[in-house]
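Here the structure is laid out as structure tokens; the discussion comes afterwards.
The values are calculated or read from the model by the stated rules, or taken from the named source; none is laboratory data. All values reported here derive from a predicted model rather than from experimental measurement. No Cβ is skipped: glycine too gets one built from the backbone with ideal geometry, and neighbour counts run over all protein chains shown. Accessible surface is based on the protein model in full, side chains and every heavy atom, while ligands, DNA and RNA are left aside. Shrake-Rupley method; radii C 1.70, N 1.55, O 1.52, S 1.80 Å.
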Amino acid sequence: QVQLVESGGGLVQTGGHLSLSCAASGRTFSSYVMGWFRQTPGKEREFVAAIDRRGTSVYYANSVKGRFTISRDNARNILYLQMNTLEPEDTAVYYCAATAQGDIDSSSALYNYWGQGTQVTVSS
């Protein structure tokens, strides 16, 4: 198993930036495909970005492509999400997730482990 704890959320103005982190503990971090998802009240959890085990392949939702960057540090067991040019539509609770199966994927159903989430609020 792996335990995930997100941090770095907060309040930012439109056009601003935030950097999220997800600290992992437990089983070897590098054995997991990692992803970021987000959710707003009344809506289903939405895929944001994913990264493969070695950090060499990434995948983004169209809504964040060119603005967000996912990365990982396997030596430190940390997943990152750099978010630039933020928009009010990016307001959500952001979750990191891990799966030991398959390769990078946008389906939340394939991820077995989840953090508790961190709130990101973008004011207009």
Matching residues, segment 96-117, being surrounded by fewer than 21 Cβ atoms within 10 Å (Cβ to Cβ) and assigned to a strand (DSSP E or B): Tyr113, Trp114
Tally the residues that are in a strand (DSSP E or B) and open to solvent by less than 60 Å² (accessible area, probe 1.4 Å), restricting the search to segment 8-18. 3
Conditions (1) open to solvent by 40 Å² or more (accessible area, probe 1.4 Å); (2) more than 16 Å from Val48 (Cα to Cα); (3) within 12 Å of the chain's Cα centre (by Cα) -> Thr69 fails only (2)
Does at least one position in segment 78-95 carry a residue that is more than 15 Å from the chain's Cα centre (by Cα) and at pLDDT below 95? no
For Ala24, the lone unmet condition from (1) touching a residue at least 60 places away in the same chain (Cβ under 8 Å); (2) in contact with a helix residue (DSSP H, G or I) (Cβ under 8 Å, 6 or more places away or on another chain); (3) of a type in the set (Gly, Ala, Ser) is (2)
Taking segment 72-90 as the region of interest, how many residues are within 16 Å of Thr118 (Cβ to Cβ) and open to solvent by 40 Å² or more (accessible area, probe 1.4 Å)? 2
